[in-house]
Amino acid sequence: MVLFHHKFIIGGVMDKENFNSLLSKANLSKKDLANQIGMSYGAVNNWGSNSEFPRWVESWLENYIDKKKFENIKNIIKDEI
């Protein structure tokens, strides 16, 4: 069974277009992502070209995007109190 979430297939193989879209939504560059996850820029940059995307990358980016949204909401509420 294939489930759809955020316009991407869960359990499928992420492609460069989906990866770049999620990076953009997260407001992260490949270098920023590499620093966040403790990997070399070269390894991250090779994803989708010389190697497949790790299975966890899509959910990690989606969670990062959601975290940023919740932080923004928290800051708005905090300013109103």
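The values are calculated or read from the model by the stated rules, or taken from the named source; none is laboratory data. Quick caveat: nothing in here was measured; it's all calculated off a predicted structure. Quick note on the areas: whole protein, heavy atoms, side chains included, nothing else; ligands and nucleic acids left out. Shrake-Rupley method; radii C 1.70, N 1.55, O 1.52, S 1.80 Å.
Could you check how many percent of all C-alpha pairs in the range 20-75 are farther apart than 16 Å? Tail of P(r) above 16 Å: 43 percent of Cα pairs. Here the Karplus relation 6.51 cos²θ - 1.76 cosθ + 1.60, evaluated at θ = phi - 60°, turns the backbone of the range 26-35 into coupling constants of 7, 6, 10, 8, 4, 5, 4, 4, 4, 5 Hz, with x for every Gly and Pro. Across Phe70, Phe53, the residue with the most accessible area heads the list, and the full order at a 1.4 Å probe is Phe70, Phe53.
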